[in-house]
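Each value in this text was obtained by applying a stated rule to the coordinates, not by laboratory testing. What you see is a predicted model, and the numbers here were worked out from it, not measured in a lab. Cβ coordinates were reconstructed from backbone atoms using ideal geometry, including for glycine residues, and neighbour counts include every protein chain displayed.
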Amino acid sequence: MGDLILSMKGISKSFSGVAALKNAALDLKAGEVVALMGENGAGKSTLMKILTGIYSKDAGEIRYMGEEVCYKGPAESEAAGISIVHQELNMMNDLTVAQNLFIGREERKGLFIDDRKMNERAKELFQTLKININPAEKIGNLTVGKQQMVEIAKAISSKAKIIIFDEPTAALTDSEIEELFKVIRDLREKGTGMIYISHRMDEINVISDRVIVMRDGEYVGTLITKECDKNDIIKLMVGRTIFGEPKTKSNVPEDAPVVLRCEGLCRGKAVKDVSFELRKGEILGFSGLMGAGRTEVARLIFGADKKDSGRIFVNGKEVEINSPEDAVANGIGYLSEDRKRYGLIVEKSIEENTVIASLGNFTRGVFIDKAKSRAAAQKYVESLKTKTPSVAQLVRKLSGGNQQKVVIAKWLVRDSDILIFDEPTRGIDVGAKSEIYALMESLAKEGKSIIMISSELPEVLRMSDRVIVMCEGRVTGMLDISEANQEIIMGSATKREGKSNNG
C-alpha cells in the first residue's frame, strides 16, 4: 500500500433536522481496499455522496491527494479521479450500453457523436474485463446483473484514482463476482484506492485490507481484515451478535392445504414446464444460479409476463392471471428483486407507497382518507423499524434496506395471502436481514404463504421449509429442508438439461 490519498474527518450532515452523519471519518491509501460496513441507515452511502459532491457537508474536512476539496457534483469529483458504482443502478434504459458507458465523455466526429468508435472502445474494455455484453444493445434490455457489470466497467473506464463500490455484487453470479475480484486485485496492484461497501461478510474477508465500521451516522472503529472475523465486524456494526442457523425441519403441518398450484408453466426458453405446490404457512425457497428462470416464474404467477402455456390454481380453483391486477385480486403480492424499477415510486412518500396497492380501502368517495392512510403507514414504519424522520419522507431519500421495508409494508397493508419475495435481502445488512427474516417467519405462522427467491444459499437454508431448485428454466430439484444442504442444492442448480452435474 502506498501513501494516504483520502482523509475525511469530522463529517456531519443533517436532513430536515435529522442527523444522518455525526463526526464521521474515513481514510484510504493508494492500492488499498477499505470495506465500509454498517447497518442500513448507518450513513455509509451518505458519506460517499458527500465525497463525490452529490450532497454538501455541514461540517468536517475532506483532503484528497493532500489538498482540501469540496466538490459541487459527481462530474467534478469524477474529473478529479473519484468514481462511484452505485448500489441502485443509474442507467438510461433507452440508450445503448456504450452510450451509457461514455456519457459525458462521448467520442465525436466533428459535431456528431461517434457511436461506432464508442462501441469499439466498449468492446475492448469488456474484453479486458472478460464481460460478454453487446455494446450496441439498449441497457434496458439487459438483466440487473449485466447492468451492474456495465456500471462497474464505467467506473473503471474513467481511470479513477479512487473507486467506490456500493454493493457491487448484489446482482452478480459467482463467476461474475470472481471476475470482479480479479479486476479489483489488478486495480490494487496499479495503485488504485478502493472503498468497498457490502453486506456480504465472506466477500469482505476475501477482498479487503481494512474494515471501517459506522453505526447511526458515526465512525465506530477500524479493524484489520486478516486480524478479525465475521463476529468482530457484526458486534461493531450492531452492538450485538447475530446468529443464523440453518432450518433442520419444516414448520408446515403435513395436512396444510395447498394455496397455490402451478402446472406446466412455460414461457419461451426462460421457463420450461415448471410445476410445484405452495402450502398454507409455508416458506418455499427457490434456488438456482442467475438466469435459472426463478424470477421469470414469479413474473408469470404475478401476471407481469404472459405465459405461453400452463395452469395456475389458487385455493384449488383455476385462475387466469393476465396482469398484476389479476394477481392482486387473487391475493398474490410480489416484491420484485429490482425494487426501484418495479416496487416503488421513489418520488412519492412512504405513506403514498405504502397504501398504493390498497387505495380502495383508504378512500371516502373520490377522496383519500389521509388520516387513515397516515396511520397505516406509521403502523408499518414502527413494526418494520423503518428508519425515517416521518411517513412524509420521499422514498428516494431512504437507504436501500429501508426502501425494501416500504415495499413489504405495501403488501402487508394489502393483506395478500400469497407473497413472492424476490431477493428480499439484496443489499441489506445483517441487522435488517434479521428483522426481515423474523417478519417472514411471523407471517408464515399467521398463515401467509411465501415464495422466497434467493441467490444466497445460507438464506435459503435458514428460511425455507422446502426448496425448489432451477437450472436453465427447468425445475431440477425439489427438496424438503431436512434433506437439503449447499452441496445438494448446487448440484441441482448446475444440472443442465441432458447433462450430468459435471457437464
Exercise for the section: Using 0.36 nm per residue of separation minus the Cα-Cα distance, give me the extension gain between Ser323 and Asn485 in nm, one decimal. Expected result: 54.7 nm
Completion exercise
Along principal axes, largest first, the alpha-carbon spread of the stretch 156-252 in whole Å comes out as 52, 33, 24
Practice task
Starting from the coordinates of the alpha-carbon atoms of the stretch 343-461, obtain the Kirkwood hydrodynamic radius over all distinct pairs and give the value in Å to one decimal.
Solution key: 14.8
Handout entry: Ellipticity estimate at 222 nm from DSSP helix runs (n ≥ 4, -39,500 (n - 2.57)) divided over the chain, nearest 500
Key = -9500 deg cm²/dmol
Exercise for the section: Please give, to one decimal in nm, the separation of the simple spin-label points placed at Lys230 and Val258, each 7 Å out from Cα toward the Cβ. Expected result: 3.7
Completion exercise
Total charge of the residues flanking Glu68 in space, meaning their Cβ is under 14 Å from its Cβ, with Lys and Arg +1 and Asp and Glu -1, is +1
Practice task
Kindly state, to the nearest 0.05, the FRET efficiency for Lys348 paired with Ala19, given R0 = 25 Å and r defined as their beta-carbon distance.
Solution key: 0.55
Exercise for the section: Largest first and in whole Å, give the semi-axes of the stretch 199-271's equivalent ellipsoid, each being the square root of 5 times a Cα gyration tensor eigenvalue. Expected result: 41, 20, 13
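Work out the FRET efficiency for Ser56 and Ile103 from their Cβ-Cβ distance, taking R0 = 22 Å, and round it to the nearest 0.05. Please list the in-between numbers first.
Working: r = 24 Å, r/R0 = 1.08.
After rounding, the FRET efficiency stands at 0.40.
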Exercise for the section: Over the stretch 276-409, calculate the relative contact order: mean separation of alpha carbon pairs under 8 Å at least 6 apart, over the residue count, as a percent. Expected result: 19
Exercise for the section: State, to one decimal in nm, how far the label point of Asn251 lies from the label point of Asp273, with both points 7 Å from Cα in the Cβ direction. Expected result: 3.5
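Test of the criteria: in the stretch 184-283, which GluC sites (Glu not before Pro) are in a DSSP loop and have at most 13 other Cβ atoms within 10 angstrom of their Cβ?
Details: sites: Glu189, Glu203, Glu218, Glu227, Glu254, Glu263, Glu277, Glu282; in loops: Glu254, Glu282.
Hits after loop and neighbour filter: Glu254.
May I ask you to derive the relative contact order of the chain, considering only C-alpha pairs under 8 Å and at least 6 residues apart, and to give it as an integer percent? Don't jump to the answer; show the numbers that get you there.
Numbers: 1030 pairs, mean separation 80.4, N = 503.
Taking the mean separation of contacting Cα pairs over the length of the chain, I get 16 percent.
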Practice task
Give the Debye-formula value of log10 I(q)/I(0) at each listed q (0.07 Å⁻¹), with one equal scatterer per alpha carbon of the stretch 4-238, two decimals each.
Solution key: -0.23
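How big is the Cα convex hull of the stretch 239-303 in projection, averaged over all directions, in nm²?
Working: hull surface 28.0 nm².
Averaged projected hull area, Cα only: 7.0 nm².
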Exercise for the section: Return the distance in nm (one decimal) between the two label points of a simple spin-label model at Ser309 and Leu394, each offset 7 Å from Cα along Cα→Cβ. Expected result: 4.9
Handout entry: Once the Cα gyration tensor of the stretch 1-120 is diagonalised, semi-axes √(5λ) in Å
Key = 31, 18, 14
Practice task
Pairs of Cα atoms under 8 Å, at least six residues apart: use those to get the relative contact order of the stretch 339-415, whole percent.
Solution key: 45
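Need one number: convex hull volume per residue for the stretch 106-146, Cα atoms only, in Å³. Display every interim value, and only then the final one.
On the way: hull volume 3.0 nm³, N = 41.
Hull volume over Cα atoms, normalised by residue count, gives 74 Å³.
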Exercise for the section: Nearest 5 is fine: what % of DSSP beta bridges in the chain come out antiparallel, could you say? Expected result: 60
Problem - Against the rule of thumb 2.2 N^0.38 Å, how large the Cα Rg of the chain comes out - result: 1.00
